[in-house]
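See structure below.
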Amino acid sequence: MRTNRLRALRHLSGRTARRVLVLGSAMVLLGSGASHTAAWAAPTAPEDDPFYSTPRDIADRSNGTVLRNREIRMFGLPLRVSAWQLNYRTTGSDDRPVASIATVLVSATPWSGPGPRPLLSYQVAEDSLGARCAPSVALHRGPDSAVSSTVIEMPFIVDALRQGWAVIIPDYQGPGSRFLDGEHAARAVLDGMRAARSFAPAGLSTDSKIGAWGYSGGAFATLWAAEQRGRYAPELPIVGVTAGGVPVDIATIARDADGGARAGLTMLIVLALMRNATGPELAALMNERGRAVMVAESASCGTDLLARYLDAKIDDYAKTPGLLTHQAFLAAAQRQELGNQTPDIPLYLYHSTTDEVVPVAGFEALLRRYCSSKSTVVERHSSADGHNGTAMSEAAGALAFLTDRFDGTPLTPGCDRA
């Protein structure tokens, strides 16, 4: 099992092994006075923490209302950054009220640009089935295997804080950990922006410009929010969105990973789509072994699944062969695809031509849909090595795009493809 876990982590991200180094860099950049022997905070797990609970009167509150707040120490350390957790009202994809969590960060670096301090909503690639894997847990508790995605994306968050921006990191999968539920994610992101702007200690105002950024699973949530903004939260002044490694053509991603080193990704996608489904058709395709997995992995992180299902074939968990081409699976995946709405926000999209996780063909198809609908898109094909390499190498361009939008630099409408 130990060998399998190490292999899985290498295939998940070359950055995971460097998460302690990344966090150390964050502490230096943010001016931590903590020693190397400082103990990590160990807050209560979300399911046992009253802060995460849903208030009884949530149905009477409007979307984006802050229901509770508390100040925390990011990673449990005395960093030079103010940090709060917000419990706020949003609406799930089933149109029921949901209490969601987000972490708001404001560094000591002042904002020197035009207007009030801007807000960046950064969507971490949560990619999980359990609340213990959520970014709010990582940012409060510190690094462990369950929250490695948040920790390895800290350089991007730190860069944003160094610009003097406020940053909100939403648990956009919600208390039910609904991975690949686009509508739920979009609403949680947008209502998180509403909550942050109304939260006085963050120092924002209704005139604060807003940006959004995410990579991989975080890009999925980010672009869903961009597509839904016009009809769900048109008052939000979102001036720019950056997204890379966007999961498009979910069914193909699952088929490509099946039976190989990333087979745990296939399992994650199948289990997530079952959770998000409006009916029992997809779950009914699983055999007894598959039903046992549905129960056993109901709160697992993506790293857990990648470690446990190396080289697994999803049909070994299905009643009959061909689950990944079955109409029930294809329909569930199609409901979560991007490109059905035209974002009215300038976009900066980047993708590796050698992406081994998300085939570039799906990204190209999404670009064609956006460009044919007259979206304003700056697109960059990256020559970086694969999915994870592109996250690091193209981050500077993503940050520069957002910086220009917050500074008010003009952008020519249309599609700029390179």
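Values quoted throughout were computed directly from the atomic coordinates according to the rules given, and no laboratory measurement underlies them. Note that the coordinates shown come from a computational prediction; the quantities given were computed from them, not determined experimentally. Positions of Cβ are generated from backbone atoms using ideal geometry, with glycine treated the same way; all protein chains shown enter the neighbour counts.
Got a sec to turn the phi values of the stretch 308-315 into Karplus ³J(HN,Hα) couplings, 6.51 cos²θ - 1.76 cosθ + 1.60 with θ = phi - 60°, whole Hz, x for Gly and Pro?
8, 10, 4, 6, 6, 10, 4, 5
Using a simple charge model, +1 on the beta-carbon of Lys and Arg, -1 on the beta-carbon of Asp and Glu, nothing else, what dipole does the chain show about its Cα centre, in debye to the nearest 20? It would help to have the intermediate numbers written out before the result.
Details: 41 positive and 41 negative charges, 127 e Å.
Roughly 600 debye, rounded to the nearest 20.
Could you estimate the translational diffusion coefficient of the stretch 211-354 from the Stokes-Einstein equation, with Rh from the Kirkwood formula over C-alpha pairs, at 20 °C and 1.002 mPa s, in whole µm²/s? The partial results should precede the final answer.
Values: Rh = 16.4 Å.
Here the translational diffusion coefficient equals 131 µm²/s.
Got a sec to turn the phi values of the stretch 259-270 into Karplus ³J(HN,Hα) couplings, 6.51 cos²θ - 1.76 cosθ + 1.60 with θ = phi - 60°, whole Hz, x for Gly and Pro?
After applying 6.51 cos²θ - 1.76 cosθ + 1.60, I find x, x, 5, 9, 4, x, 5, 4, 4, 4, 5, 5 Hz.
Pick from ASP60, ASP191, ASP344: which is most flexible by mean-square fluctuation in a GNM of the chain where alpha carbon atoms under 10 Å apart are linked?
Maximum among the listed residues: ASP60.
What percentages, rounded to whole numbers, describe P(r) for the stretch 280-418 computed over all alpha carbon pairs with 10 Å bin width beginning at zero?
Over the stretch 280-418, the share of Cα pairs per 10 Å bin runs 10, 27, 29, 22, 11, 1 percent.
Treating cross-link reach as a plain straight distance, find the aspartates and glutamates whose alpha-carbon is under 13 Å from the alpha-carbon of LYS209, omitting any fewer than eight places away in the same chain.
GLU235, ASP404, ASP407
Relative contact order for the chain: what percent, with Cα pairs under 8 Å and sequence separation of 6 or more? Intermediate values should be presented prior to the final figure.
On the way: 905 pairs, mean separation 67.3, N = 418.
In percent, rounded to a whole number, it is 16.
Counting just the Cα atoms, what span does the stretch 253-334 cover along each of its three principal axes? Round to the nearest Å and put the largest first.
Cα spread of the stretch 253-334 along its principal axes, largest to smallest: 29, 24, 23 Å.
Taking amide H positions as placed in the peptide plane 1.01 Å from N, state which residues far from SER93 in sequence (5 or more) or on other chains have amide H under 5 Å from it.
The list, which skips near neighbours in sequence, is HIS184.
About the Cα centre of the stretch 309-418, what is the dipole size in debye to 20, counting +1 per Lys and Arg Cβ and -1 per Asp and Glu Cβ, all else neutral?
Values: 9 positive and 14 negative charges, 87 e Å.
Charge dipole of the stretch 309-418: 420 debye, to the nearest 20.
With springs only between Cα atoms under 10 Å apart, run a GNM on the chain and tell me which of TRP111, TRP213, TRP84 wobbles the most.
Most flexible of the set in this elastic network: TRP111.
Positive end of the dipole of the chain, charges at C-beta (+1 Lys, Arg; -1 Asp, Glu), about the Cα centre: which of ILE101, GLN336, ALA261 has its Cα farthest in that direction?
The residue sitting farthest along the positive end of the dipole is ILE101.
Top mean-square fluctuation among HIS351, HIS326, HIS381, Gaussian network model of the chain, C-alpha springs under 10 Å?
Checking each option, the largest mean-square fluctuation is seen for HIS326.
At 7 Å along Cα-to-Cβ for each site, give me the label-to-label distance between ASP407 and GLN327 in nm.
5.5
About its Cα centre, what dipole magnitude does the stretch 253-334 give when the only charges are +1 on Lys and Arg Cβ and -1 on Asp and Glu Cβ, stated in debye to the nearest 20? Don't skip to the end; give the middle numbers.
On the way: 8 positive and 9 negative charges, 16 e Å.
It works out to roughly 80 debye.
Report ³J(HN,Hα) in whole Hz for each residue of the stretch 150-155, in order, from the Karplus equation J = 6.51 cos²θ - 1.76 cosθ + 1.60 where θ = phi - 60°; Gly and Pro get x.
Computed from phi, the couplings for the stretch 150-155 are 5, 5, 6, 9, 4, x Hz.
Using a Förster distance of 51 Å, how high is the FRET efficiency between SER112 and ASP316, based on the Cβ-Cβ distance and rounded to 0.05? Before the final figure, lay out each step's value.
On the way: r = 58 Å, r/R0 = 1.13.
FRET efficiency, SER112 to ASP316: 0.35.
On a C-alpha basis, how far is the centre of the stretch 374-412 from the centre of the stretch 300-358 in Å? Whole number, if you could?
24
How large, in Å, is the stretch 66-112 by the Kirkwood hydrodynamic radius built from its alpha-carbon pairs? Can you show the working numbers first?
Working: mean 1/r = 0.0815 Å⁻¹.
Its Kirkwood hydrodynamic radius stands at 12.3 Å.
Using only alpha carbon pairs under 8 Å that are at least six residues apart, calculate the relative contact order of the stretch 253-334 and give it in whole percent. Show your work: numbers first, answer last.
Values: 95 pairs, mean separation 35.0, N = 82.
With pairs under 8 Å counted, the relative contact order is 43 percent.
Could you tell me the largest-minus-smallest coordinate of the C-alpha atoms of the chain on each of the three principal axes, in descending order and whole angstroms?
60, 51, 46
For n ≥ 4 DSSP H runs only, could you compute -39500 (n - 2.57) per run for the chain, divide by its residues and tell me the 222 nm figure to the nearest 500?
Values: 15 runs with 156 residues, N = 418.
My calculation for the chain gives -11000 deg cm²/dmol from helical runs alone.
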